[in-house]
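Derivation of every value follows stated rules applied to the coordinates shown; laboratory data play no part. Just so you know, these numbers come straight off a predicted model, no measurement behind them. Backbone-built Cβ (ideal geometry, glycine too); neighbour counts: all protein chains shown.
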Amino acid sequence: MHKILVVDDEKSVRYSFRKLFSGLPYIMFEAENYDSGMLAFSEVQPDLAIVDIEMPGKSGLELLKDLKAQNRDVPVIMVTAYGSSDRVIKAMKHGAFDYVEKPFEIPHLFSLIEEALKSSKPQTSEPYTLPAKKSNQKVSSDERLIGDSPAIKEVFKLIGKVAASDASILVTGESGTGKELVAKAIHTYSDRASKPFIAINCAAIPETLLESELFGYEKGAFTGANKEKPGKFEEAHGGSLFLDEIGDMSLPLQAKLLRMLQEGSYERLGSTKTQFANVRIITATNCNLENLILKKEFREDLFYRIRVVTIALPPLRLRKDDIPTLAMHFLQKHAGPEKATTLSINPEAMEKMMEYAWPGNIRQLENTIKRAIILAKGSVITKELLTNELEPSATPITSQQNRLDFYLSSEIMKREGEIFQLVARDVEKDLIVWALNKTGKNQVKAAKLLGISRVLLHDRMEKFEIPRN
């Protein structure tokens, strides 16, 4: 029998958990706040803890940190009604096994519990202390990641998991999806937060200048070098260096970057003196680096160095539920303090934005809102203000199969029993075909994998004219 500790200040929630666990191979213990939770954890030594974030007094996040300090191997699932990016990232950074929002899907919760219990190690009495946070730096409202869609929530979780490490991160995604914001979030939630965050766009700087920008140069190294200049690696010492559009870097420069990643050393341009820098590298690209490797345009050894963890950002068309939230955020950001309180977006304009494919992603949405604010004559942004901006784009919209490919490579596909609900609106037909192929055309297994009934599966197969055999 597995021992599970539930910490929640609401009696009704604890009662619901007792009912859920009734008849199952779990022994439930409960607590109502931080103090009773810490006491119960010490006395019971549970196999799993389920903790609510919002509690009177010390929060669930504080409890999480102290529980993990007592025993790092006990998995903790965090529960809350408010899933902001800040909370998700902090929960994952401090060691939460996963994060669920109220009201949660019961099959998903049980799936998480089973996964957590299987993943936990034998308990040890050796204490573990999380590294002290070196900075109280906050994420400004203009730089925070925004969204509630399942796709972006998976990104929040990954940021939280990787922030505390020094692993090299590759952020992928189309132009305008917010790759630099992800890099800044990784830095801000890391133990390097009090040190510099330096960003450089490899595509925006001529190849002849990029090397000197990165590694610096000595006086007289080339014509016009009238004094020595430190490079970005020196400026970012102790912090993080974000290399955007890494795929545009030349092969000779890739070799020097690889040496820096392997040895932590380099030379300034025009110098033979070896310099050292302690820098975390975060890279980003909107192109397929594997294809560049096949074309001999990108080093394979560098690819594996920069891609210890990959964070794939979804395009805006795959997270349309976030469009209203993002639109209102940009409205407040650009309208000014006085106009922001009176200006609004009418339903027809919002519907038009929801229907648009957004080939330029979040950057295009922000510029559209800025333009509408300037042109608005009254206090309402109407669809007429968006007509020219949101005409059908000449850029081909990503195919249904490409949209499915994005989800198939994401963490969402691990959430058995919830897959259909999370991604069906975008890829319903292709998702059903995928599930049938994966289960050898077995409709019972396909329905179970997707988390839907056979009746619903048959209904959709008829709707999309998918042969039953």
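Taken about its Cα centre, the stretch 2-119 carries a charge dipole of about 140 debye when Lys and Arg each add +1 at the Cβ and Asp and Glu each add -1 at the Cβ. Using a simple spin-label model with pseudo-atoms 7 Å out from Cα toward Cβ, S119 and K445 lie 2.6 nm apart.
Fully extending the segment from F222 to T310 would add 27.9 nm, taking 0.36 nm per residue of separation and subtracting the current Cα-Cα distance. The structure shown yields percent of Cα pairs over 40 Å apart, and of the options (i) 23; (ii) 31; (iii) 17 that calculated value carries the label (ii).
The order of the peptides 251-264, 303-316 by mean Cβ neighbours within 10 Å, most packed first, is 303-316, 251-264.
A Förster distance of 45 Å, applied to the separation of the beta-carbon atoms of D66 and E235, puts the FRET efficiency at 0.75.
The gain in end-to-end length when the S379 to T341 segment is fully stretched comes to 12.7 nm, 0.36 nm per residue minus the alpha carbon separation.
FRET efficiency for the S271 to R371 pair, using the beta carbon distance and R₀ = 45 Å, is estimated at 0.40.
Electrostatic bookkeeping for F29 treats Lys and Arg as +1 and Asp and Glu as -1; over the other residues with beta carbon under 13 Å from its beta carbon, the sum is -2.
Counting only residues at least eight positions apart within a chain, or on another chain, the lysines with an alpha carbon under 17 Å from that of K333 are K370. Computed from backbone phi with θ = phi - 60° and the Karplus coefficients 6.51, -1.76 and 1.60, the 3J(HN,Hα) list for the stretch 450-460 is 7, x, 10, 7, 5, 4, 5, 4, 5, 4, 5 Hz; x is used for glycine and proline. In terms of distances greater than 21 angstrom between alpha carbons, the cross-link table entries K320/K445; K157/K438; K11/K58; K65/K157; K184/K229 yield K320/K445; K157/K438; K184/K229. When you restrict to C-alpha pairs under 8 Å that are six or more residues apart and normalise by the size of the chain, the relative contact order lands at 11 percent.
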